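Reviewing the structure listed below.
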């Protein structure tokens, strides 16, 4: 049995305490005194529902690369993630899904738990690719059934204005898959129809979607008016901090994602994003034409940014862990019986220790 003492952080309470755990939390003991208690925060591990790669590896490259990126993100406090594909020819997607499925079925030591797949494309608008490679397809249930048979797909990003999209949204909803609007040129009216059909989420909010205009509110306007869920990339490059604050005021269940690519954690240089080559420069990752191409963000850095932008500790917990877990139905939290997926941070939100199913992640 392992013990940790520090400041325990939950959505409703922050208190001094001691955790005792093996694979699951077995006991929580409140402490009345600071004496002998390290100055550190103990939180549920970060949950990242949109991550392409990291540490030089990208999930489109197969099983070994998925394991490498999962180990990299675990070092930064992420204990669970969705391996996120990019738009690609069907054989490339099939290969990537088989590699991800192998990791889901047989997790390795020191790896963030790969919960399944976030399929970002290919059912997206060719006019809103962003940094996605140009291999889009029209929404198609036959293709989707085939992909679902290869790996546990938990989230699908699509453009609701495309022919066949509404039928695919209804199919995916019936299959228990979360559908998100993204990489879309939808009008407000088209986005509303997609929302009412069951596309409840919004992918990397503000980015690669129609913006808010007072005469055509677009996807952004529809979401700010009606949505309960959205993901956002808090790296300070994709979205201005003020726009993040506007979003979280309008959509209270907004959670952070990294959208990290292979370049995360690596030196400046050239890396792969599907069939694209991308370039890490400073804190960002770009196509050759300067378009943002995913990010170099990690979830510990996301927490640090949110703190700098004025978010309270319990809100940071929710945005980096609790809400994403709730969104996909993942057990998570500092409660007896919950999985011992934990991150320990110092007062500057630097990672001190990480535990996945009670096992400490070693550097």
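Filter the range 11-34 for residues that are in contact (Cβ under 8 Å) with a residue 60 or more places away in the chain, closer than 28 Å to residue 253 by Cβ and outside any loop (DSSP other than H, G, I, E, B) and give the result.
14, 19, 21, 24, 25, 28
Counting just the residues of the range 137-156 that are assigned to a loop (DSSP other than H, G, I, E, B) and under 24 Å from the mean Cα position of the chain (by Cα), which one comes out surrounded by the fewest Cβ atoms within 10 Å (Cβ to Cβ)?
149
Of the residues 99, 116, which is part of a helix (DSSP H, G or I) and under 17 Å from residue 82 (Cβ atoms)?
The unique qualifying residue is 99.
Taking the stated definitions as given, is residue 82 buried (at least 24 other Cβ atoms within 10 Å of the Cβ) and either out of contact with any strand residue (DSSP E or B) (no Cβ under 7 Å at 6 or more places or on another chain) or in a strand (DSSP E or B) (or both)?
It is true that residue 82 is buried (at least 24 other Cβ atoms within 10 Å of the Cβ) and either out of contact with any strand residue (DSSP E or B) (no Cβ under 7 Å at 6 or more places or on another chain) or in a strand (DSSP E or B) (or both).
Since residue 348 meets every condition but one in (1) over 26 Å from residue 96 (Cβ atoms); (2) not in a loop (DSSP other than H, G, I, E, B), which condition does it not meet?
(2)
Of the residues in the range 173-216, how many are surrounded by fewer than 24 Cβ atoms within 10 Å (Cβ to Cβ), in a loop (DSSP other than H, G, I, E, B), in contact with a strand residue (DSSP E or B) (Cβ under 8 Å, 6 or more places away or on another chain) and touching a residue at least 60 places away in the same chain (Cβ under 8 Å)?
Looking only at that region, the number is 1.
So if I check each of 121, 77, which one is in contact (Cβ under 8 Å) with a residue 60 or more places away in the chain, within 30 Å of residue 9 (Cβ to Cβ), surrounded by 22 or more Cβ atoms within 10 Å (Cβ to Cβ) and touching a strand residue (DSSP E or B) at 6+ places or on another chain (Cβ under 8 Å)?
Testing whether each residue is in contact (Cβ under 8 Å) with a residue 60 or more places away in the chain, within 30 Å of residue 9 (Cβ to Cβ), surrounded by 22 or more Cβ atoms within 10 Å (Cβ to Cβ) and touching a strand residue (DSSP E or B) at 6+ places or on another chain (Cβ under 8 Å) leaves just 77.
Suppose we keep only residues that are touching a helix residue (DSSP H, G or I) at 6+ places or on another chain (Cβ under 9 Å) and in a strand (DSSP E or B) within the range 351-363. Which one would you say is nearest to residue 21 (Cα to Cα)?
Out of the qualifying residues, it is 356.
Suppose we filter 247, 237 for residues that are touching a strand residue (DSSP E or B) at 6+ places or on another chain (Cβ under 9 Å) and part of a loop (DSSP other than H, G, I, E, B); which single one remains?
None of the other options fit; the residue is 237.
Each reported figure results from applying straightforward, stated rules to the coordinates on display, with no laboratory input. All of these numbers come straight from a predicted model, not from anything done at the bench. Note: ideal-geometry Cβ built from the backbone for every residue, glycine included; neighbour counts use all protein chains shown.
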